[in-house]
Amino acid sequence: MQSFLDRQWALCLADFAKNISSVGMDLWINPLQPINIEDDKLVLVAPSEMCRTQIYGVYLKRMRDALKEHFNLEDVHVLIPEEKDEYIEKFNLTHPTSEQVLDTKPATLQNPFNPRYTFDNFVVGTTNQVIYAAARAVAEAPAVRFNPLFIYGGSGLGKTHLLHAIGNYIWEHKTTNLNIVYVTCEQFTNAFVEAVRVRHEKGMDAFHKKYRQADVLLIDDIQFISNKKGVQEEFFNTFNDLYQAGKQIIISSDRPPKDIATLEDRLRSRFASGFMQDIQPPDFETRLLIIQKKIELERFEFEKGIDYELAERLANFNIREIEAILRKIYFLANLHGKTVATREDMEEVLEKECEQCVVSGAKITQERIINAVCDYFTIDQKDLTGRKRNKEIVEPRQICIYLMWSQLAIPLATIGQIFGRDHTTIIHARDKIMELLKTNKQIKKIINEITAELKKE
Ligand code: ADP
Ligand code: MG
């Protein structure tokens, strides 16, 4: 049984999430608790005064459509915990009224996989393209090739995401009743230990049934396999049963099987009999694409150029950490009452989060960028900012424009003034270099070297 308020509120939450960022949802919206409808207002309890301020000041206007749709009202009355008891007493709300209680629908079989972890949301770059292709092939035709599929790589590089993507894909495309089972190694171990502990045939039966009747078995974080004989034996048997019955097995690990100390040799060789591939930490392009994808998916708004800068400065971070930093920057901007995160927000977060990515050394200025570019190409400053149009000058000029745009928080129009050119010419130059950066290694090298020079001292 679920109350009318709760049920409608759940529908609202799903709609709010369409135009409120996930950070906004986590911080301010999800903690709200609906407790009543009074006149034409939905009464909510917020955990703090700050939260209440955010709702009235920032979020209410984005909540109105959903409130109208699901409650047929457009306004809210937000209480804070100190006010809640008095309110409840006043309206005698301790028990929901009978018409507020509705039966919930019988549970239908729900897709158990994380809806965000799909192939579409997975950014493919040079460091993960092979495993991506293999995972896709497995999802499209389970147990045809690549069986078992063994994915390994450091923490936060997308192993769980890929396992869920396979699960989501099969779930969505399945035409027959395929039984897809996802389990972490820890859950598998605990379930087995529990089945043994209750010493009840039914317990063991249920355990066998669950795993040995899988058509696709996804096991995450196999490195946690315990060195207990019983668990490994059970796992070995499960593996063999499924494998011999032509079922697909997909395994992830933070290291290759040879480095899992507690793994029995026979399991090690079973894993090696299929397709094994690692995921490497993302390179610059992949980091940039990931940052851009996350900004798009989370509906963050960032000042132009921050994506490039972060991709450069977060070189030693895994994807989970990069995501966390993006969230923090956007959160901070929100706290400052902004809807677009700026360079200052970025610097503030980077300063706290990662010493190594705070640009040290002399401040980067227009003059230093111009000098560095002129030095690099041994050309004259007058030519760089002048009218000459030969290739030897045009490309350094475009690089200089790109660097000013990516390194300095100055408007394009200001860059235009420096070069005596209009805004569209500046945009053209910047875009030209951005485009080249995607494919041209030479340009990338030049930009990296000049940037390194700028960051010195
Ligand atoms: P692992 O299981 O390897 O520790 P996860 O799969 O949990 O890592 O990934 C950590 C986070 O990074 C997740 O939020 C995931 O969506 C994201 N992520 C990892 N790889 C990618 C990628 N290639 N594209 C987009 N997001 C990714
Ligand atoms: Mg994982």
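Derivation of every value follows stated rules applied to the coordinates shown; laboratory data play no part. Since we're looking at a predicted model, the values are computed, not measured. Virtual Cβ from ideal backbone geometry, glycine too; neighbours counted across all protein chains shown.
Overview of values
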quantity: Contact order normalised by residue count of segment 129-218, Cα under 8 Å, 6+ apart, percent; calculated: 28 percent
quantity: Length released on extending from N177 to N237, taking residue separation times 0.36 nm less the Cα-Cα span; calculated: 19.2 nm
quantity: Label-point separation in nm, Q417 to M434, each point 7 Å along Cα→Cβ; calculated: 2.3 nm
quantity: Spatial extent of segment 4-57: Rg and Dmax, with the Cα atoms as the point set, Å; calculated: 11.1, 31
quantity: Spatial extent of segment 207-310: Rg and Dmax, with the Cα atoms as the point set, Å; calculated: 19.4, 56
quantity: Reciprocal of mean inverse Cα separation for segment 342-457 (Kirkwood radius, Å); calculated: 14.9 Å
quantity: Rough spin-label spacing in nm, given labels placed 7 Å along Cα→Cβ, for R268 and Q33; calculated: 5.3 nm
quantity: Dipole in debye (nearest 20) - segment 360-453, about Cα centre, beta carbon charges: Lys, Arg +1; Asp, Glu -1; calculated: 200 debye
quantity: Extreme residue, positive dipole direction of the chain, given options C12, N190, L314 (C-beta unit charges); calculated: L314
quantity: Cα→Cβ-extended label distance, 7 Å offset, between Q280 and E89, nm; calculated: 6.7 nm
quantity: Cβ crowding within 10 Å averaged over residues, with 231-239, 384-392 ranked highest first; calculated: 231-239, 384-392
quantity: R0 of 56 Å, Cβ-Cβ distance E449-M50: FRET efficiency to nearest 0.05; calculated: 0.75
quantity: Helix-only CD estimate at 222 nm, as mean residue ellipticity for the chain, using -39500 (n - 2.57) per DSSP H run (n ≥ 4); calculated: -17000 deg cm²/dmol
quantity: The chain, dipole about Cα centre (Lys/Arg Cβ +1, Asp/Glu Cβ -1), debye to the nearest 20; calculated: 1640 debye
quantity: For the chain: span of alpha carbons on each principal axis (Å, largest first); calculated: 86, 69, 39
quantity: Electrostatic dipole magnitude of segment 263-364 [Cβ: Lys, Arg +1; Asp, Glu -1; Cα centre; debye, to 20]; calculated: 300 debye
quantity: When each of K293/K438; K159/K328; K174/K209; K363/K456; K41/K90; K18/K61 is checked by Cα-Cα distance, pairs over 19 Å; calculated: K159/K328; K174/K209
quantity: Ranked by how many other beta carbons lie within 10 Å on average, peptides 174-180, 135-141 from highest; calculated: 135-141, 174-180
quantity: Relative packing of peptides 9-16, 265-272, 220-227 - highest average C-beta neighbours within 10 Å first; calculated: 220-227, 9-16, 265-272
quantity: Positive-end extreme of charge dipole, the chain - chosen from G246, S21, P115 (charges on Cβ); calculated: G246
